[in-house]
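Here the structure is laid out as structure tokens; the discussion comes afterwards.
FYI, it's all coordinate maths here, none of it is from the lab. Computed from a prediction, not measured in an experiment: that's the story for all the values here. Please note: Cβ atoms are built from the backbone with ideal geometry, for glycine as well, and neighbour counts cover all protein chains shown.
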Amino acid sequence: MISWRLKTRSLRPIGLDIGHDSIKMIQLAVNNDRVSVIAADKVRVDANINGDGEERRRSIVAAIKRMLAKGGFRGRNVVSCLPNDRLKITSLRLAEAETDQIEHALTREAVHRFGLNPDKDTVKYIIAGSVRQGDEIKNELILFATDGETLKSHIALLEEAQLRPVAIDNVPCALFRSFERSLRRQDDREHTLVFVDVGSRFTTLVFGRGTEICFIKQINIGGEKFNREIAARLGINTDEVQILRSRLRMERGLPPPWSGLTGQAPADSIQRLDASTRQTIVDATTAIAEKLAREITLCLRYYTVTFRGKSVEKTFLSGGQAYEDILLDVLAQRLNLEVEVARPLRGFDMKNVTLDVSEQDLFCEWAVAVGLSFKGCQWVSTDGGYRQVPQVERRTFKNSR
């Protein structure tokens, strides 16, 4: 959302994704079309402190300092993003004749919908494209807003952790940016791809056509709802649910949901779940996955009606919950689209890092952090592939003030 000048060079800023249950930091280096991971680390956030804002803040600062102390990260420049629950997103349409009044319209919308003060708070937008409304052609805009205190507090946290913020971004744009380089290899730029990032508390949807974002939606469904539903049906706490979900996956020969865990035990050596418990977990997971699929289906319908003639080609699933095969199966069945688990680190040189991996580890939870480190990059085609060009972030956000 906020972007100071980013120097385009081989070394990218640290991408810092502070989630509800984990913190991920990654730093990339770009040399023409080659991307290397300079450093990467992740830690879990203790669930017991999430109810105490000040304790959580201290814990996050301490965790970042520990990751920096390991010495892998170069410099202290960082790009971070505001948490989903502190960011307000909405769409609005303006007639073509009103385009010179965008700032006034956004100010009015932010005051009306969110009760924000445009003199103190931050309101920005991107243009999603032209849509037909009746006999008129209008511009569809996506508005992002947050209060000034949230922004100041986030910057203060980064500085307390001894980082130098060069940009403050948002989850949807970082998510899309993490795949933007590969999108330029698509032969048909007219097809729309949908990126679905299922985190701990929210699911973020981004519809991208070519290299432009055309629709964003945040859905209040994430890993916590899966865990709470299972816990309620089994009469246990959510910590126990995490263990049971991991055991169920390992029974199937799959990596556990927290991909930092390695060394899968052979399926025949795992204490197997009884049939009743196994079925309860499957039924509860399926129920929440069905709710999420219905919400995504509504977004697909909105998009096809709004942007007539624009087909949706494929869906990519990322985030910590993308390891849940039941969710993947439900989405594939209900969306009537090809659904693929995203691999945001595919093709990257990772010889400098010691991230634990397993044969099936896709690193799909790293999509947002990768997009944050890429902020400021633009990719252009060359005879030999794709290269980075010296330009500040192509998708520039415009202030409403």
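Brief remarks on what is shown
- Under 9 Å, Cβ to Cβ, from Ala322 - net charge with Lys/Arg +1 and Asp/Glu -1: -3
- Amide H contacts under 5 Å for Ala39: Gln27, restricted to partners 5 or more places along the chain or on a different chain, H placed in the peptide plane at 1.01 Å from N.
- Total formal charge among the other residues, if their Cβ is under 11 angstrom from that of Arg132, Lys/Arg +1 and Asp/Glu -1: 0
- Against the rule of thumb 2.2 N^0.38 Å, how large the Cα Rg of segment 40-108 comes out: 1.80
- One decimal place: the segment Ser153-Glu290 gains 45.7 nm when fully extended, by the rule 0.36 nm per residue minus the C-alpha distance.
- Applying the Karplus relation 6.51 cos²θ - 1.76 cosθ + 1.60 with θ = phi - 60° to segment 365-372 yields 3J(HN,Hα) values of 7, 8, 4, 5, 4, 4, x, 5 Hz, where x marks Gly and Pro.
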